[in-house]
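The values are calculated or read from the model by the stated rules, or taken from the named source; none is laboratory data. Remember, predicted model here, so these are calculated numbers, not experimental data. Here the Cβ positions follow ideal geometry from the backbone for every residue, glycine too, while neighbour counts run over all protein chains shown.
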Amino acid sequence: MGQMIDFKRPDGSTCRGYLAGAGQSRPGVVVIQEWWGLNDQICGIADRFARAGYNALAPDLFKGRVTQQPDEASHLMNGLDFPGATHQDIRGAVDHLLNLGGKVAAMGFCMGGALTIAAAVHVPGLSAGVCYYGIPPTEFADPANIRIPFQAHFASKDDWCTPAAADGLEAAMRVAGNPPELYRYEADHAFFNERRGDVYDAACANLSWERMMSFLGKHLS
C-alpha cells in the first residue's frame, strides 16, 4: 500500500521513510521502528494505520540496515544517534505529516517506544504519543516532562522494559500532573509483533490496538 519516500529533516538534509497514505487533511502517525530496523513488519503497521484512515510515516532510522539477529540489532541500536533521530528524523517525519493537514501522533515499539517518549518530550507539533514497552534514560527524555496526551502498553513478563520501570514512568507522570493512560498485559516483551511467534500474543495485541485506536481517535480528531 505504501512506498518509500525522502522527507526533509530540520537541518535541511533528507531521511528515507515508508509512507502509507490515507489522504490530504487526514490525521497522521509517525511509526517508530524496533531495533530490527525498518522491516516489513513495521511497514505493515504503517499500512494498517492507513487502512484505518491515518497517514503513517515510518522513518528509516538505521539508513537501510535491517537484521533478524539480536546481537546485530543491539549493535545497531547502541550505535544510533538518539538525539539526532529524535530532533531530526522523527521531527522531520512529524513536520511532513503536519504538512498534509491533520494532527499528528508518534508511536513505536521497544526502541521505538523509548523514542516515542523522547519525541513526546522534545518534538513540537505532536498531539499525542503511544509507547509500547520502551523507556529512554531520564537524562535524555524524562517522562515527567511529557505535556501531551500519552498512552503506554507494557508487558508483565518483560525483563527488558520491566514492570518496575513502567511503574516508575507512571509515578513520575502522575507527580508531574499528566497521568498516562497506561495498560499492562500478561504477556512477554514484543507481544505485538506477529512475526515473533515465540512471544506474540494475538489477544493482547488486538486489545492494545483497539485501545490505541480509541485514544488516537479522541486526540487526533
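For the stretch 28-44, what are the residues that are buried (at least 24 other Cβ atoms within 10 Å of the Cβ) and over 22 Å from Gly79 (Cβ atoms)?
Gly28, Val29 - these are the residues of the stretch 28-44 that are buried (at least 24 other Cβ atoms within 10 Å of the Cβ) and over 22 Å from Gly79 (Cβ atoms).
Given the conditions (1) over 12 Å from the mean Cα position of the chain (by Cα); (2) modelled with pLDDT of 95 or more, report the number of the one that Gly101 does not fulfil.
With (1) over 12 Å from the mean Cα position of the chain (by Cα); (2) modelled with pLDDT of 95 or more applied to Gly101, the lone miss is (2).
Does any residue of the stretch 77-92 turn out to be of a type in the set (Gly, Ala, Ser), in contact with a Ser or Thr (Cβ under 6 Å, 6 or more places away or on another chain) and at pLDDT 95 or above?
No: the stretch 77-92 contains no residue that is of a type in the set (Gly, Ala, Ser), in contact with a Ser or Thr (Cβ under 6 Å, 6 or more places away or on another chain) and at pLDDT 95 or above.
Go through the residues of the stretch 202-215 one by one and say whether even a single one is modelled with pLDDT under 95 and either aromatic (Phe, Trp, Tyr) or over 19 Å from Tyr54 (Cβ atoms) (or both).
Scanning the stretch 202-215 turns up no residue that is modelled with pLDDT under 95 and either aromatic (Phe, Trp, Tyr) or over 19 Å from Tyr54 (Cβ atoms) (or both).
Just the residues that are surrounded by fewer than 17 Cβ atoms within 10 Å (Cβ to Cβ) and in a helix (DSSP H, G or I), please, taken from the stretch 49-86.
Hits for the stretch 49-86 are Arg51, Pro70, Asp71, Glu72, Ser74, His75, Asn78, Pro83, Gly84.
Would you check which residues across the stretch 127-145 are among the hydrophobic types (A, V, I, L, M, F, W, C), without any contact (Cβ under 8 Å) to a residue 40 or more places away in the chain and buried (at least 24 other Cβ atoms within 10 Å of the Cβ) and list them?
Cys131
This table checks each residue for (1) over 14 Å from Leu19 (Cβ atoms); (2) not hydroxyl-bearing (Ser, Thr, Tyr).
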position	(1), (2)
Gly53	yes, yes
Ala56	no, yes
Gly84	yes, yes
Asn99	no, yes
Ala105	yes, yes
Thr116	yes, no
Phe140	yes, yes
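For the stretch 11-24, state whether one or more residues are modelled with pLDDT under 95 and part of a loop (DSSP other than H, G, I, E, B).
Taking every residue of the stretch 11-24 in turn, at least one turns out to be modelled with pLDDT under 95 and part of a loop (DSSP other than H, G, I, E, B).
Here's a check for you: in the stretch 95-110, which residue that is crowded, with 24+ Cβ neighbours inside 10 Å and of a type in the set (A, V, I, L, M, F, W, C) is farthest from Leu169 (Cα to Cα)?
Leu97
Filter the stretch 149-176 down to the residues that are more than 19 Å from Ser127 (Cβ to Cβ), in a loop (DSSP other than H, G, I, E, B) and touching a residue at least 12 places away in the same chain (Cβ under 8 Å) and list them by number.
Ser156, Lys157, Asp158, Asp159, Trp160, Cys161
What number of residues in the stretch 177-221 are part of a loop (DSSP other than H, G, I, E, B) and in contact (Cβ under 8 Å) with a residue 12 or more places away in the chain? Walk me through it before giving the result.
To start, the set of residues in the stretch 177-221 that are part of a loop (DSSP other than H, G, I, E, B) comprises 177-180, 186-201, 220-221.
Keeping just the survivors that are in contact (Cβ under 8 Å) with a residue 12 or more places away in the chain gives 178, 180, 186-195, 199, 201, 220-221.
Count: 16.
Among what's in the stretch 117-148 and is in a loop (DSSP other than H, G, I, E, B) and of a type in the set (Val, Ile, Thr), pick the residue that is farthest from Ile45 (Cα to Cα).
Of everything passing the filter in the stretch 117-148, Thr138 is farthest from Ile45 (Cα to Cα).
Could you look through the stretch 146-170, keep only residues that are surrounded by fewer than 24 Cβ atoms within 10 Å (Cβ to Cβ) and among the small types (Gly, Ala, Ser), and pick out the one that is nearest to His189 (Cα to Cα)?
Within the stretch 146-170, the match that is nearest to His189 (Cα to Cα) is Ser156.
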